[in-house]
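All remarks here apply to the structure that follows.
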Amino acid sequence: MKKLLGFLLLFAIVGAAGAWIWSGRQPPPAITIVSPGAAMGATGVVDLTIETPRGQLTLLDVVFEQSAKQTTLFTLAQPGGATLTQAGPDTLHLTLPATRKQLPDLKSGEARVIVHAARTVLRGLRTLPADVDKTFRVQLEPPQVSVVSTHHYINLGGSEFVVLRVTPQDATAGVRVGDKTYPSFPGSAVGIADPTMRVAMFALLYDQDLTTPIGVFASDAAGNLSTAPLDYKAFPKVFKRSRIDVPDAFLQRVVPQILGNSPDFAPEVANPNDLVASFLAINGALRRKNAQQIAGYAKQTAPQMLWVGPFQQLGNSQVEASFADHRTYFYNGKEIDQQVHLGFDLAVTSSVEVVAGNNGKVVHAAFLGIYGNCVIIDHGLGVQSLYAHLSQIGVKVGDTVTKGKAIGRSGMTGLAGGDHLHFTMLVNGQAVNAVEWWDTKWMQDRVLRKVREAGGSVVGTDGAK
């Protein structure tokens with residue numbers, strides 16, 4: 001009996017020791033401070049993720065420290081205005097405000113967030129703690145922004161140019177038109193020496209209201225935001241409406257071609273043999289996907305003005321369809337769809353040479369859904385031009401082109417009823433009326449005048465700076 005008791009005691013001791021060693025090898029909570037980042041403003045937020053088995057914690061304290069003074073922002077017992085949620089089986093997400101309401105003595109300068117967390121194992125006999133901290137800069141003074149240029153006139157569906165003064169220099173700034181944002185670029189992009197100056201192109205889109213608010217903004221890494229009004233006048237524009245008949249011959253030609261060249265979209269078409277249904281998917285869903293891809297190229301824009309003077313229209317071309325033409329599609333006399341044509345259809349003869357509208361760099365040169373064989377050229381400052389339905393593409397991505405350089409030949413690839421060039425001007429990925437960009441007077445007054453008045457140096461239509 002004594003031997004048995006001794007064996008059981010030894011077994012219990014070994015088991016307890018093993019359990020203790022095992023518990024010591026278990027991971028403590030893993031804490032990640034997502035925000036603040038490098039800086040925090042007056043409306044700061046502390047954002048944490050905590051990885052812990054089954055999301056269980058026995059301790060979670062968040063402390064804000066500045067100038068040797070510590071303020072507790074959160075405890076499990078007193079969560080205050082924080083939001084603690086289970087973001088996954090083993091993940092907790094904590095978001096809590098860090099503003100003057102919680103931190104009355106908050107001031108600009110260095111600060112630190114300190115997080116203490118712990119969980120228990122062995123039925124609470126052992127505690128596994130974790131401590132993480134992050135140092136950052138508190139920045140309470142918002143950036144400053146003001147409009148330098150004058151006489152801003154914009155047509156519905158058109159473009160405009162503005163010169164801004166922004167401080168500090170590392171602030172992000174631009175123009176907001178309703179829910180659309182247009183970035184600014186350093187004034188050096190157009191030869192302005194003053195480092196506080198910025199320039200930006202923006203647009204009042206064809207489907208925005210004439211009274212859409214337009215203003216400028218500046219924000220910093222701390223989340224501080226400043227805004228300023230933009231003195232402007234907007235003018236109405238009436239856009240055409242057209243009837244488009246969709247014959248079987250057209251469907252038989254374009255549907256298989258587009259689906260065959262759109263491998264990422266073709267699986268979304270339920271029955272490729274149903275040409276009308278396939279056309280509707282192409283004209284709607286694929287059109288929207290193409291628009292998203294086109295808008296994405298705005299991120300590749302050069303931070304310099306690459307273009308010189310007005311853009312060049314396809315020589316001796318006849319306009320077959322205008323910008324923002326509202327089209328109603330009919331099949332066998334029945335209305336089946338409505339879309340808006342965001343460009344100009346320009347025709348001369350079959351397979352005519354297509355040239356670059358201005359200096360720039362090719363960012364797309366391939367088949368692009370409804371646009372068929374398509375070339376997109378970046379001209380800097382968010383300005384790009386699109387050439388669609390080409391029978392041949394004569395450039396590749398990365399090529400530098402000059403105004404008048406051949407980039408391909410017209411054709412009828414994509415959703416084209418006949419041989420022509422579809423031409424679109426884009427401002428930060430948004431289609432705008434190209435007529436302005438072809439106009440020497442518009443370019444001189446709306447863009448180049450403002451650059452010169454701000455002390456910039458760009459080449460005008462006459463070759464002079």
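The values are calculated or read from the model by the stated rules, or taken from the named source; none is laboratory data. Because the structure is a prediction, the values reported are computed rather than measured. Please note: Cβ atoms are built from the backbone with ideal geometry, for glycine as well, and neighbour counts cover all protein chains shown.
Observations
- Those residues of region 398-426 which are in a strand (DSSP E or B) and within 29 Å of the chain's Cα centre (by Cα), in sequence order: Thr400, Val401, Ile407, Leu421, His422, Phe423, Thr424, Met425, Leu426
- Identity of the residue in region 26-51, of a type in the set (Gly, Ala, Ser) and surrounded by 15 or more Cβ atoms within 10 Å (Cβ to Cβ), that ends up nearest to Lys134 (Cα to Cα): Ser35
- Filter result for Asp245 (surrounded by fewer than 17 Cβ atoms within 10 Å (Cβ to Cβ), under 26 Å from the mean Cα position of the chain (by Cα) and closer than 18 Å to Ile370 by Cα): no
- Complete set of residues in region 65-98 that are closer than 14 Å to Gly55 by Cβ and either in contact (Cβ under 8 Å) with a residue 60 or more places away in the chain or of a type outside the set (A, V, I, L, M) (or both): Thr85, Gln86, Gly88, Pro89, Asp90, Thr91, His93
- Any hit, region 276-286, residues being modelled with pLDDT under 95 and either under 24 Å from Ile244 (Cβ atoms) or out of contact with any helix residue (DSSP H, G or I) (no Cβ under 9 Å at 6 or more places or on another chain) (or both): no
- For region 330-370, a residue qualifies if it is buried (at least 19 other Cβ atoms within 10 Å of the Cβ) and part of a loop (DSSP other than H, G, I, E, B), and the qualifying residues are Leu342, Gly343, Val352, Ala356, Gly357, Asn358, Asn359, Leu368.
- Just one of (1) out of contact with any Ser or Thr (no Cβ under 8 Å at 6 or more places or on another chain); (2) assigned to a loop (DSSP other than H, G, I, E, B); (3) not small (Gly, Ala, Ser) fails for Gln102. It is (1).
- Answer residue from region 293-329, given it is in a loop (DSSP other than H, G, I, E, B) and of a type in the set (Phe, Trp, Tyr) and is farthest from Asn155 (Cα to Cα) among those: Trp307
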